[in-house]
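The values are calculated or read from the model by the stated rules, or taken from the named source; none is laboratory data. Computed from a prediction, not measured in an experiment: that's the story for all the values here. Please note: Cβ atoms are built from the backbone with ideal geometry, for glycine as well, and neighbour counts cover all protein chains shown. To get the accessible areas, we keep the full protein, side chains included, count just its heavy atoms, and leave off ligands, DNA and RNA. Shrake-Rupley method; radii C 1.70, N 1.55, O 1.52, S 1.80 Å.
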Amino acid sequence: MNIIFFGPPGAGKGTQAKIIEDKYGLKQLSTGDMLRAEVSQGTDLGNQAKAIMDRGELVSDEIVIGMIAARVDSKSCKKGVIFDGFPRTEAQAVALDAMLKERGKKIDLVLELQVDDNALVERIEKRAQEEGRSDDNVEALKNRLAQYRSYSAEVLPYYKAQGDVPPVDGMRPIDEVTMQIEAILDTDEEA
Ligand code: AMP
């Protein structure tokens, strides 16, 4: 099963993906985590991406599509993938569909984690203290939320045209959000 966790920064996509991947034998692929790994290793790609990420803007489609393409064939992705933070543009969504189609696969489900902006700001401030991410600051967050508004208006209709995009109430405590996601996944698996 191939799933997309869609939602704004701080919605809990990564947290939920880590819980769900173990339970369902899926592999989380987070383009944000991959980019941060490149930055911390000081690779050319990381050096190129860092300033863009720090401003809260989007890294080029070519870079993120390439990173995903390099991983989808790995053994750990065999049972399926949870795409976290990808796709963020229609071009990325189209490339992902094509990549999966070539392999006889498809996106089975897109979930939209919904969280109020005020709660996102609080969560990101907390994460800034805990993890020290250089893009978890008020200025970059404003940009990331603005970017989210603009790319969600592009990506969500793309998937809604293909099928249902069930909403998940991301304002609930972590375990309740997990329960909502599991209920959707279990219904989808039976379908
Ligand atoms: P995230 O951890 O998903 O919030 O991503 C952190 C940052 O990495 C984003 O603000 C972007 O600069 C970059 N990034 C992550 N995923 C993508 C993507 N799919 N397309 C473009 N930029 C991305």
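Structure notes:
- Applying a threshold of 8 Å to beta carbon distances and a minimum spacing of six or more residues, or different chains, the list of pairs starting in the stretch 17-41 at a residue that is touching a residue at least 60 places away in the same chain (Cβ under 8 Å) and under 17 Å from Glu62 (Cα atoms) and ending at one that is of a type in the set (D, E, K, R) and within 10 Å of the ligand (Cβ to nearest atom) reads Arg36/Arg133.
- Among all residues of the stretch 90-113, there is none that is open to solvent by 40 Å² or more (accessible area, probe 1.4 Å) and assigned to a strand (DSSP E or B).
- Here Gln41 does not qualify as modelled with pLDDT of 95 or more, buried (at least 21 other Cβ atoms within 10 Å of the Cβ) and more than 17 Å from Ala140 (Cα to Cα).
- Out of Val59, Val121, Val72, Val39, one residue alone is farther than 23 Å from Pro157 by Cβ and not in a helix (DSSP H, G or I). It is Val72.
- Residue check, Arg144 within 16 Å of the ligand (Cβ to nearest atom), open to solvent by 70 Å² or more (accessible area, probe 1.4 Å) and not hydroxyl-bearing (Ser, Thr, Tyr): no
The rows are residues; the columns are (1) under 16 Å from the mean Cα position of the chain (by Cα); (2) open to solvent by less than 40 Å² (accessible area, probe 1.4 Å); (3) away from the ligand (no atom under 11 Å from the Cβ).
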| position | (1), (2), (3) |
| --- | --- |
| Ala11 | yes, yes, no |
| Ile19 | yes, no, yes |
| Thr31 | yes, yes, no |
| Arg36 | yes, no, no |
| Ile52 | no, no, no |
| Glu62 | no, no, no |
